[in-house]
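Asks: Structure below; questions to follow.
All of the numbers you see were taken from the coordinates with simple rules; none came from a lab. If you're wondering where the values come from, they're calculated on a predicted model, not measured in any experiment. Every residue, glycine among them, receives a Cβ derived from its backbone with ideal geometry; neighbour counts consider all protein chains shown.
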Amino acid sequence: MPPASAADVLQKLFSIIAPVFVCAAIGFIWAKRGRAYDVELVTTLVTSIGAPCLIFHTLANVALGAEGLTTMMGATITVIAACAATGAVILHFAGLSQRAFLPTLIFSNSGNMGMPLCYLAFGDAGLAMAIAVFTVYAAMQFTLGVSLASGSVSLRMLARVPLLYAVPLALAFLLTGTKPPAWINATTSLLGGLTIPMMLITLGVSLAGLAVSSAGRSLMLAMLRLVMGLAFGTVVAAVFGLEGVARSVLILQAAMPVAVFNYLFAVRYKTAPAEVAGVVVLSTALAFLTLPALLWYVL
């Protein structure tokens, strides 16, 4: 097979990026026009119903072994640990609050932005691996992330995250080599289908409502999040011997901008929410600007 031309690569990049931009833009414009959009309701539907169904349906039916999933999860934990350790040192010497800003350097937007990108770029196999990464990020954000923001450890919140129960249920089918009943497959496929577009639209709505505070510091932290994610994603992928789609997915997910949940937790626990919002907005804007180069790098 002859190598792909530059035009072919650009066309593929555009086909991946365009749906992300369009869906996020719909949400952004919708919010800016003052139309009603219940972010809490949509987020609850996605996290409680849509995402668990998507996770279950994808993992239970994809041709990806349990070993591959556990390897991706182990690599993700390593990336998170590296970002946490490096971020803590940098914030200490910079004299910045660990509670307020360390979560922004650790937790990438692997859900709203990362999962759709991996699906558009690599199909069902990419989505399955992206889900493995996202599950680890979600579990860590609802334990370590909440602990950092609140100053205390809470396992109760983690126990109330439905998507974490979808993983062992799907693995039960995967490990036994059986397929879920047709009606379960059809139902989870239908409900899971709402997840990716609603994640992107909600991302746009959320960004429309955030403002940039302390622009200089927010910009530096935003750049640090993206650079750390890309660097550690690349190094960890090499250490774990990941190749092909697995390597690309890990790097993409690690290099995503700051997760919007960081802002929500900052508001709840009063840890500089205005500045955290600035880091979320600027990191997302930078991610959109650098997305073509990032995709070119991993494809």
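Asks: Once a ≥ b ≥ c are taken as the square roots of the eigenvalues of the Cα gyration tensor of the range 1-127, is the result rounded (a/c under 1.5), prolate (a/b larger than b/c) or oblate (a/b not larger than b/c)?
Replies: Verdict is rounded for the range 1-127.
Asks: Give me the extension gain from T178 to K32: residue separation times 0.36 nm, minus the current Cα-Cα distance, reported in nm with one decimal.
Replies: Full-extension gain reported as 47.8 nm.
Asks: Of G216, A82, T195, whose Cα points farthest to the positive end of the dipole of the chain (charges on the beta-carbon: +1 Lys, Arg; -1 Asp, Glu; origin at the Cα centre)?
Replies: G216
Asks: Related question: Could you line up V280, V46, V89 from fewest to most neighbouring Cβ atoms inside 10 Å?
Replies: Taking fewest neighbouring Cβ atoms as first place, the list is V89, V46, V280.
Asks: Could you calculate the FRET efficiency of Y297 with T44 from 1/(1 + (r/R0)^6), where r is the beta carbon distance between them and R0 is 30 Å, rounded to 0.05?
Replies: 0.25
Asks: Next question, about the same structure. Report the Cα centroid-to-centroid distance between the range 107-155 and the range 272-299 in angstrom, as an integer.
Replies: Their Cα centres are 16 Å away from one another.
Asks: Suppose every Lys and Arg Cβ carries +1 and every Asp and Glu Cβ carries -1, with no other charges. What dipole size does the chain come out with about its Cα centre, to the nearest 20 debye?
Replies: The dipole magnitude comes to about 600 debye.
Asks: While we're here: Quick check on the range 133-218: take the gyration tensor over C-alpha atoms, sort the square-rooted eigenvalues as a ≥ b ≥ c, and tell me if it's rounded (a/c under 1.5), prolate or oblate.
Replies: Values: a/c = 3.27, a/b = 1.58, b/c = 2.07.
Because a/c hits 1.5 or more and a/b fails to exceed b/c, the range 133-218 counts as oblate.
Asks: Give a residue-ordered list of calculated ³J(HN,Hα) values for the range 231-243 (Karplus: 6.51 cos²θ - 1.76 cosθ + 1.60, θ = phi - 60°; whole Hz; x for Gly, Pro).
Replies: Per-residue couplings from phi come out as 5, 6, x, 5, 5, 5, 4, 5, 4, 7, x, 6, 9 Hz.
Asks: May I pose another question? By count of other Cβ within 10 Å, fewest leading, how are M220, M256 ordered? Before the final figure, lay out each step's value.
Replies: On the way: M220 16, M256 29.
Neighbour counts put them in this order, fewest first: M220, M256.
Asks: Need the C-alpha centroid separation for the range 186-247 versus the range 22-63, integer Å.
Replies: 15 Å
Asks: Next question. Run the helix sum for the chain: -39,500 (n - 2.57) per DSSP H stretch of 4+ residues, divided by residue count, reported at 222 nm to the nearest 500 deg cm²/dmol. Mind dumping the intermediate values first?
Replies: Details: 15 runs with 229 residues, N = 299.
One gets -25000 deg cm²/dmol as the mean residue ellipticity at 222 nm.
Asks: Normalised by the residues of the range 220-299, what does the relative contact order come to in percent, with Cα pairs under 8 Å and at least six apart? Before the final figure, lay out the partial values.
Replies: Values: 70 pairs, mean separation 29.9, N = 80.
Computed value for the range 220-299: 37 percent relative contact order.
Asks: Just check the range 183-299 against the gyration tensor rule for me: Cα atoms, a ≥ b ≥ c as the square roots of the eigenvalues, rounded for a/c under 1.5, and otherwise prolate or oblate depending on whether a/b exceeds b/c.
Replies: oblate
Asks: For the range 97-141, what does the relative contact order come out to in percent, with C-alpha contacts under 8 Å and a separation of six or more?
Replies: In percent, rounded to a whole number, it is 38.
Asks: If I model a spin label as a point 7 Å beyond the Cα along the Cα-Cβ vector, how far apart are those points for T290 and H92 in nm?
Replies: 2.5 nm
Asks: Report, ordered by chain and residue number, the lysines lying within cross-link reach of K32, taken as a straight Cα distance under 27 Å and ignoring same-chain residues fewer than 8 apart.
Replies: Excluding near neighbours in sequence, the set is K270.
Asks: Now, a different point. How large is the direction-averaged shadow of the alpha-carbon convex hull of the chain, in nm²? Write down the numbers at each step before the final one.
Replies: Numbers: hull surface 64.7 nm².
Computing the convex hull of the Cα atoms and averaging its projections yields 16.2 nm².
Asks: So for H92, H57, fewest C-beta neighbours within 10 Å to most, what's the order?
Replies: H92, H57
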